[in-house]
1. Might you let me know whether the stretch 28-47 holds any residue that is closer than 22 Å to residue 120 by Cβ, among the aromatic types (Phe, Trp, Tyr), touching a residue at least 40 places away in the same chain (Cβ under 8 Å) and surrounded by 13 or more Cβ atoms within 10 Å (Cβ to Cβ)?
2. Touching an Asp or Glu at 6+ places or on another chain (Cβ under 8 Å) and closer than 19 Å to residue 6 by Cα - does that describe any residue in the stretch 89-108?
3. Just a yes or no: is a residue in the stretch 79-96 among the basic types (Lys, Arg) and touching a Pro at 6+ places or on another chain (Cβ under 9 Å)?
4. Kindly indicate whether residue 31 is among the hydrophobic types (A, V, I, L, M, F, W, C) and in a strand (DSSP E or B).
5. Looking at residue 57 and the list (1) in contact with a strand residue (DSSP E or B) (Cβ under 8 Å, 6 or more places away or on another chain); (2) crowded, with 17+ Cβ neighbours inside 10 Å; (3) touching a residue at least 24 places away in the same chain (Cβ under 8 Å); (4) among the aliphatic types (A, V, I, L, M), which single condition is not satisfied?
6. Given (1) closer than 23 Å to residue 45 by Cα; (2) touching a Leu at 6+ places or on another chain (Cβ under 6 Å), where does residue 117 come up short, assuming only one miss?
7. Give the stretch 1-15 a look and list any residue that's touching a residue at least 12 places away in the same chain (Cβ under 8 Å) and either out of contact with any Cys (no Cβ under 7 Å at 6 or more places or on another chain) or more than 24 Å from residue 65 (Cα to Cα) (or both), or say none.
8. Select from the stretch 73-93 the residues that are within 21 Å of residue 132 (Cα to Cα) and more than 14 Å from the chain's Cα centre (by Cα) and write down the one among them that is surrounded by the most Cβ atoms within 10 Å (Cβ to Cβ).
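Values quoted throughout were computed directly from the atomic coordinates according to the rules given, and no laboratory measurement underlies them. On a predicted model such as this, the values are computed, not experimentally measured, just so you know. Reconstructed Cβ throughout: ideal geometry from the backbone, glycine too, with neighbour counts over all protein chains shown.
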Amino acid sequence: MKKIGCLNSELSYVLAKLGHFDTLTVGDCGLPVPQGVQRLDLAVTYGVPSFYQVFDVIDKEAKFQKAIIAAESIEQNPEFYQFITAWAQREGVAIEVVPHNELKAQSARSVAVVRTGECKPYCNVILESNVSF
């Protein structure tokens, strides 16, 4: 049994398989999962686990070069927007801001969509993987 890091076997497997330019979507409990995309449903109840708890684990396990977020989050969820922009600046990750409908459309190209228990609006991000060297 693993001692540290991501203990969810499905999420751990998806993260280990990420290649350069692959994308992973992490979303709130209301984000639709496109047909044909692997769903990793971590939601237990409203708010559990939070987007931030899941994101923290993913961030420790993988390296990313770009984050795509919905433009609506800037006004509708400023806490999320500030969190992602601070993280991106600290990690040297580019941010792309698109309309929410475009984010949902782009999630269809993700290797998986991770569903959290988050209930705040527009708490969704598409992460593009990078290389670790």
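1. Quick first cut of the stretch 28-47, residues closer than 22 Å to residue 120 by Cβ only: 28-34, 39-47.
Still in the list and also among the aromatic types (Phe, Trp, Tyr): 46.
After this cut, where a residue has to be touching a residue at least 40 places away in the same chain (Cβ under 8 Å) as well, the list is 46.
Imposing the further condition that a residue be surrounded by 13 or more Cβ atoms within 10 Å (Cβ to Cβ) reduces the set to none.
No, the stretch 28-47 has no match at all.
2. Among the residues of the stretch 89-108, not one is touching an Asp or Glu at 6+ places or on another chain (Cβ under 8 Å) and closer than 19 Å to residue 6 by Cα, which makes the answer no.
3. First, pick out the residues of the stretch 79-96 that are among the basic types (Lys, Arg): 90.
Okay, now just the ones that are also touching a Pro at 6+ places or on another chain (Cβ under 9 Å), so none.
Within the stretch 79-96 (the criterion being among the basic types (Lys, Arg) and touching a Pro at 6+ places or on another chain (Cβ under 9 Å)), the answer is no, since none of the residues qualifies.
4. Numbers: among the hydrophobic types (A, V, I, L, M, F, W, C): yes; in a strand (DSSP E or B): no.
No, not satisfied.
5. Failing condition for residue 57: (1).
6. It is condition (2) that residue 117 fails.
7. The first filter runs over the stretch 1-15 and keeps only residues touching a residue at least 12 places away in the same chain (Cβ under 8 Å), leaving 5-6, 8, 10-12, 14-15.
Answer for the stretch 1-15, where residues must be touching a residue at least 12 places away in the same chain (Cβ under 8 Å) and either out of contact with any Cys (no Cβ under 7 Å at 6 or more places or on another chain) or more than 24 Å from residue 65 (Cα to Cα) (or both): 5, 6, 8, 10, 11, 14.
8. Within the stretch 73-93, the match that is surrounded by the most Cβ atoms within 10 Å (Cβ to Cβ) is 91.
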